[in-house]
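Take a look at the structure set out below.
The values are calculated or read from the model by the stated rules, or taken from the named source; none is laboratory data. Note that the structure is a prediction, hence the values are computed from the model and not measured. Note that each Cβ is placed from the backbone with ideal geometry, even for glycine, and that neighbours are counted across all protein chains shown. Please note that ligands, DNA and RNA were not included when accessible areas were found on the heavy atoms of the full protein model with its side chains. Shrake-Rupley method; radii C 1.70, N 1.55, O 1.52, S 1.80 Å.
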2 protein chains.
Amino acid sequence: MNLTQFLADLQFDPNQIKTDSDSLNNWGKDWTKHFAPAPSAIIFPKTTEQVAHIVRLANTHSICLVPSGGRTGLSAGAVASNGEVVVSFDKMNAIGTFYEADQMVEVEAGVITKALQEFANAKNLYYAVDFASSGSSQIGGNISTNAGGIKVIRYGMTRNQILGLTVVTGKGDILELNGGMLKNATGYDFRHLFIGAEGTLGFITKALIKLEKQPVNLTAMVLGVPNFESVVTLLDRFGKALNLTAFEFFDSVALDKVLSAGHAKEPFDTRTPFYVLLEFEAVSDDVLDTAMSVFETCCEDGLIEDGVMSQSVGQLHELWKLRESISETISVFTPYKNDVSVLIVHLGDFIDDIEQIVKDNYPDFEICWFGHIGDGNLHLNILKPDTLSKDDFFAKCQMVNKYVFDTVKKYKGSISAEHGVGMTKKPYLDYTRSPIEIEYMKAVKAVFDPNGIMNRGKVFDI
Amino acid sequence: MNLTQFLADLQFDPNQIKTDSDSLNNWGKDWTKHFAPAPSAIIFPKTTEQVAHIVRLANTHSICLVPSGGRTGLSAGAVASNGEVVVSFDKMNAIGTFYEADQMVEVEAGVITKALQEFANAKNLYYAVDFASSGSSQIGGNISTNAGGIKVIRYGMTRNQILGLTVVTGKGDILELNGGMLKNATGYDFRHLFIGAEGTLGFITKALIKLEKQPVNLTAMVLGVPNFESVVTLLDRFGKALNLTAFEFFDSVALDKVLSAGHAKEPFDTRTPFYVLLEFEAVSDDVLDTAMSVFETCCEDGLIEDGVMSQSVGQLHELWKLRESISETISVFTPYKNDVSVLIVHLGDFIDDIEQIVKDNYPDFEICWFGHIGDGNLHLNILKPDTLSKDDFFAKCQMVNKYVFDTVKKYKGSISAEHGVGMTKKPYLDYTRSPIEIEYMKAVKAVFDPNGIMNRGKVFDI
């Protein structure tokens, strides 16, 4: 490795390379705090060709590269803690050609999610992926982790919105994948291999994104529910009757914290162990009548103890705050976060098992549950007791992890539903993927990145 | 290669192996007629483990294997013309566990598409992939070619319905891919690599399939349209106003043939160069009013010359016959078929270019266009003139191919939208995929099938 020679050989403008310590610290990490950033340099390419140039030279000089987007990742997938050179997409943030007839737009990898959402709105269309970090996260990072969020039940993951990709492989080859077509049955669809690969096969530089129709008259209900079993029954009942755009849940611990922090208003007086936030398009009075009728039947059947429905866009946003403020609110309690998924049929048993494990082993831990229940995706948060130091708390949580992931494995679930593997979940990859699958993954990586320079040490060790 | 020893080593029941010439001829081919079937034997495994056993022994004995489903393929992807052993999934046709809460069902690869559709109906759900051969095609084959059909505009390709796969790789390893989860961000999604791989990486033995809600009050319109440009404008206008479940088109040549053959009734008196069949869920009177209002505006604007809307399920089926009988009707004219796609923005220019090419070079050829216009997918059929022998006609069509695929390349389209590559499109693969992409495909195949025994000679040569 010869960093100085590598940087000189790039022949980039001086403002495209940063090596000062503030920059190294800033662009060397994401939202995870487990690993100290220690990159050697930050490079800011402006074109796909420059990215390919970087990768080819990095192979020559044995430089390891880490891709960097909005740095909002929660699994340390974009952390450079080992002297790597960070390739930031901050200067590749152009929104390109809009294909009106195809409801599609080409964007560079560095475009911020919110900017794409706003572009779509301006075209009277809709970018369907949304989550808490949409104001900072970049499209390239979203694609590389196959980001999910709050509208998956209706629109699918980021994967579902991607009609084409431009990538630079670990060998420095530029591939144009799928060209925006809805139908293209001409061999292996490498587009889907790069989606969710966390930059370990190559770097995504551009994407062709499908835009959706604007949703009509979005309407939310918040429901107070006596137990988790009822949450799953409500998903079934409302799911059959309405075209849901969201079906989220949270527990009373989450609600208490959000209300105490003043981040949202109490939805109704009744307090219940669990809450559901569901959303649908009220395209007609018939749909509203159906929603009310299901609500009433569910109340009679004891599945709902209280509830409220938004009557305006303002009220819709107020209700969403109950769900959307949870992450920020609980961050002061130094939560230990897990992001797991199981089939919906197993959700109830899974939650029971985990609560029993924590009660038996860590009676002083407070648990806070919330998540995208319509997708089988649960965010399990363990809150730090005041009596424990941060280090002791995280050490104990590492021990809880084993039990949690054993339980995920028991129900054949995923140890990372939407946050990726990166470095934080790497030790647990074999709880969801078999050893033989992991061997095939390594062999496929070797095809696209034979020298192992692309985000080395993420997802698995090579 | 030692076939006798291979078959003996399998230790299967005698009824699981056929070597008589009728069977070799029957299971050795699909719907394409370009290649003579010449397999060595047909094997009928009953379990995934038996498939793995076959593949491991085939590696030992250097036997090449060809997967065989419903044999309805149109690109010779399942033709065994070179002494291969055919692995038929006819005995693996069980519909397995139904996951009601997840709206998902596990099926073996040999389940007929129509059987899955009927199973879904019996559960008051819907399997969203449908096409002309659904009464014979098998799910394993559908997945291996990522089958499309008439509902893609609403529900996506087969790829969109697959939540999990069980596969046997070319090395004989059994992989359980994704386990039915909507969200699972744990490394490379090999499920999507096997979808559309045409059996060249391994064989699909089971799938977890997502089922959809039943559509409500499906309603069709058939519209007479003065030119192709108007077809594209209508797609835009109706697409913005309604949630379309289909948007198909055909030209007057196709309609003439269907009506002459007595396969459908004339939709209205006016004759126009092009016709559109669109379908939507008339969930309320408001939706019907919207449809009528768009129709009237389009008539005023000269985009539509005549039209009809179904008023009953019977009329819906009658109107669909106009579109669905085309393939069968024109088969007596020995059509030369192409299945291409381009972005919707390019459709008009693409059709103009092709018509000009045929007019300039082959003035005695009659062209028949139809297809899934909402997906940018066109079926171009050249009909054989009476004056030409079949051999001369196909020879001339091969020459047209070059011009057609040059035009596909000009618009960065796909030489096979939904029929796969198999053997018939193999010489043209590089019109859609770059040489470097094809090299990566070969390298990925070598990872999963190092001895090159899985459907060798399909998609590309190794």
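Give the stretch B:425-462 a look and list any residue that's β-branched (Val, Ile, Thr) and either at pLDDT 95 or above or assigned by the TED database to the domain that holds B:Gly202 (or both), or say none.
B:Thr432, B:Ile436, B:Ile438, B:Val444, B:Val447, B:Ile453, B:Val459 - these are the residues of the stretch B:425-462 that are β-branched (Val, Ile, Thr) and either at pLDDT 95 or above or assigned by the TED database to the domain that holds B:Gly202 (or both).
Okay, residues lined up against (1) modelled with pLDDT of 95 or more; (2) outside any helix (DSSP H, G or I); (3) open to solvent by 40 Å² or more (accessible area, probe 1.4 Å):
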| site | (1), (2), (3) |
| --- | --- |
| A:Asn25 | yes, no, yes |
| A:Pro39 | yes, yes, no |
| A:Lys46 | yes, yes, yes |
| A:Val51 | yes, no, no |
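Would you please name the residue that is surrounded by the fewest Cβ atoms within 10 Å (Cβ to Cβ), looking only at residues in the stretch A:417-448 that are within 17 Å of A:Pro335 (Cα to Cα) and within 11 Å of another protein chain (Cβ to nearest Cβ)?
Per the stated criteria, the residue is A:His419.
Could you say which residue among B:Thr186, B:Thr145, B:Thr169 is within 30 Å of B:Trp27 (Cβ to Cβ) and open to solvent by less than 10 Å² (accessible area, probe 1.4 Å)?
So the residue among B:Thr186, B:Thr145, B:Thr169 that is within 30 Å of B:Trp27 (Cβ to Cβ) and open to solvent by less than 10 Å² (accessible area, probe 1.4 Å) is B:Thr169.
Kindly indicate whether A:Val253 is outside any loop (DSSP other than H, G, I, E, B), open to solvent by 10 Å² or more (accessible area, probe 1.4 Å) and out of contact with any Ser or Thr (no Cβ under 6 Å at 6 or more places or on another chain).
Judged against the criteria, A:Val253 is a match.
Which of the residues belonging to the stretch B:98-126 are in contact (Cβ under 8 Å) with a residue 60 or more places away in the chain and either of a type in the set (A, V, I, L, M) or within 21 Å of B:Glu176 (Cα to Cα) (or both)?
The answer is B:Tyr99, B:Asp102, B:Gln103, B:Met104, B:Val105, B:Glu106, B:Val107, B:Glu108, B:Ala109, B:Leu116, B:Ala120, B:Leu125.
With respect to the numbered conditions (1) open to solvent by less than 20 Å² (accessible area, probe 1.4 Å); (2) in contact with a Leu (Cβ under 9 Å, 6 or more places away or on another chain); (3) within 14 Å of chain A (Cβ to nearest Cβ), which one is the sole condition not fulfilled by B:Tyr411?
Against the list (1) open to solvent by less than 20 Å² (accessible area, probe 1.4 Å); (2) in contact with a Leu (Cβ under 9 Å, 6 or more places away or on another chain); (3) within 14 Å of chain A (Cβ to nearest Cβ), B:Tyr411 comes up short only on (1).
Filter the stretch A:333-350 down to the residues that are of a type outside the set (Gly, Ala, Ser) and more than 21 Å from the chain's Cα centre (by Cα), then identify the one that is surrounded by the fewest Cβ atoms within 10 Å (Cβ to Cβ).
The residue in question is A:Asp349.
Do we find a residue being within 14 Å of chain B (Cβ to nearest Cβ) and either more than 28 Å from B:Asp285 (Cα to Cα) or not aromatic (Phe, Trp, Tyr) (or both) anywhere in the stretch A:295-312?
no
Regarding A:Val129, is this residue farther than 24 Å from A:Ser325 by Cβ, of a type in the set (A, V, I, L, M) and either in contact with a Pro (Cβ under 8 Å, 6 or more places away or on another chain) or in contact (Cβ under 8 Å) with a residue 12 or more places away in the chain (or both)?
No; evaluated as a whole, the condition is false for this residue.
It is to be established whether one or more residues within the stretch B:208-230 are within 11 Å of chain A (Cβ to nearest Cβ) and surrounded by 22 or more Cβ atoms within 10 Å (Cβ to Cβ).
Yes, the stretch B:208-230 has at least one match.
Within the stretch A:92-129, which residues are open to solvent by less than 50 Å² (accessible area, probe 1.4 Å) and either of a type in the set (D, E, K, R) or in contact with a His (Cβ under 7 Å, 6 or more places away or on another chain) (or both)?
Those that are open to solvent by less than 50 Å² (accessible area, probe 1.4 Å) and either of a type in the set (D, E, K, R) or in contact with a His (Cβ under 7 Å, 6 or more places away or on another chain) (or both): A:Asp102, A:Glu106, A:Glu108.
Consider A:Lys458 carefully, then state whether it is open to solvent by 10 Å² or more (accessible area, probe 1.4 Å), outside any helix (DSSP H, G or I) and within 14 Å of chain B (Cβ to nearest Cβ).
Taking the combined requirement at face value, the residue does not satisfy it.
Would you say B:Ala185 is over 23 Å from B:Glu100 (Cβ atoms), over 20 Å from the mean Cα position of the chain (by Cα), within 12 Å of chain A (Cβ to nearest Cβ) and of a type outside the set (Val, Ile, Thr)?
yes
Spot the failing condition for B:Trp369; the list is (1) at pLDDT 95 or above; (2) surrounded by 18 or more Cβ atoms within 10 Å (Cβ to Cβ); (3) more than 14 Å from chain A (Cβ to nearest Cβ), and only one is missed.
Of everything listed in (1) at pLDDT 95 or above; (2) surrounded by 18 or more Cβ atoms within 10 Å (Cβ to Cβ); (3) more than 14 Å from chain A (Cβ to nearest Cβ), B:Trp369 misses just condition (1).
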